[in-house]
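Report on one structure; see the data block that follows.
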């Protein structure tokens, strides 16, 4: 079968690999149809992704079609379209027992810690599958993307009418905005790229939108600040957008130290929250909202590239080519 491996930063290799065996008990054999390209993939291509080693088959935002099911699998049959929960968890650590499997102590993310979906066929546990009935294949990988947003907003404890600002209007920032809107928050956004800022403001009808944190600082501070940039300078400065007693949520991830000036932290009595991944319950909620139309991402500026063009397009996606918010690779 056709497999694409990221051998080292900046270099993919195409190869023929052995087809997976028949699914065992509790497993499904699936055909990969779409692979969403996440910041994790782009940073791996760049060589800056933490918790990562080479070579690696990327791909954790997946749309798949069931080919065959193993013994004991219920609710799935050949031909079913599915989203995939890429977070393999142990189920027995303290986090899993408390229902916080998103930060499992033994977390293994397919496409990050183990090989992922940039291949024709893959064997996966059936419990990682979410059957999809109403979404086009191109949108199915966004279930995982939006899961990051719903989890971050849930972590924040947002209340209706609360003033919030999202720093970074890439896919994760837009996902956060989607769920802040559902919660009834008063939303602002900061984004340096003009095309992304314009889209976020117009698409979501925002009245507060700023090309820099410096400009945002001139306005009233917010009780909630979500930094979705994965940029050290932005993460360190986001506290200056925070109201006294507010909550700062770090959604983006960076392979670096982040420093906060303690008097700022102390004076504001700020709450600092990290947000990692999402839970199966949140994935199901996202899927329900997408299939009902309450969350509609069809208007997002997206590019769907054939896998033959992926190597060529990755540098453009990495450097945030104007107008593209989310890239998806057609693997069918």
Degrees separating the helix 194-204 axis from the principal Cα axis of the chain, which is the longest one: 90
Of all DSSP beta bridges having both residues in the range 34-179, the percent classed as antiparallel (nearest 5) is 90
Burial order of peptide ranges 201-209, 187-195, 240-248 (average beta-carbon count within 10 Å, highest first): 187-195, 240-248, 201-209
Cut-off 13 Å, label 7 Å out along Cα→Cβ of residue 264, residues of the range 180-198 by amide N: none
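State whether the range 146-274 is rounded, prolate or oblate according to the following rule on the C-alpha gyration tensor (a ≥ b ≥ c being the square roots of its eigenvalues): a/c under 1.5 gives rounded; otherwise a/b larger than b/c gives prolate, and the remaining case gives oblate.
Working: a/c = 1.35, a/b = 1.26, b/c = 1.07.
Rounded, since a/c falls under 1.5.
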Note on the range 190-313: contact order normalised by length, alpha-carbon pairs under 8 Å, 6 or more apart, percent, works out to 17
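Test of understanding: what is the full-extension gain from residue 98 to residue 8, defined as 0.36 nm times their sequence separation minus their Cα-Cα distance? Don't skip to the end; give the middle numbers.
Values: separation 90, 0.36 × 90 = 32.40 nm, distance 3.73 nm.
Additional length available on full extension: 28.7 nm.
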Can you tell me what share of the DSSP beta bridges in the chain is antiparallel? A percent to the nearest 5 is fine. 55
Given a 10 angstrom Cα cut-off, can you work out which residue in 170, 149, 99 is the most mobile in a GNM of the chain? 99
Label-point gap, in nm, between residue 291 and residue 255 - each point 7 angstrom along Cα→Cβ: 3.8
What is the calculated FRET efficiency for residue 212 to residue 243, with r their C-beta to C-beta distance and R₀ = 25 Å, to the nearest 0.05? 0.85
Under a crude label model (7 Å from the Cα following the beta-carbon direction), how far is residue 195 from residue 134 in nanometres? 3.1
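Using alpha-carbon pairs under 8 Å, 6+ residues apart, how would you state the relative contact order of the range 1-150 in percent?
30
Taking only C-alpha pairs under 8 Å that are 6+ residues apart, what is the relative contact order of the chain in percent? Could you put the intermediate results ahead of the total?
Numbers: 740 pairs, mean separation 59.0, N = 332.
Answer for the chain is 18 percent.
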Sort 223-229, 274-280 by packing, meaning the average of other beta carbons within 10 Å per residue, with the highest value first. 223-229, 274-280
Label model pair residue 51, residue 18: point-to-point distance (7 angstrom along the Cα→beta-carbon line) in nm is 3.0
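Where a number appears in this text, it was derived from the coordinates with a stated rule and is not lab data. Note that the coordinates shown come from a computational prediction; the quantities given were computed from them, not determined experimentally. Note that we place each Cβ from the backbone using ideal geometry, even for glycine, and neighbour counts take in every protein chain shown.
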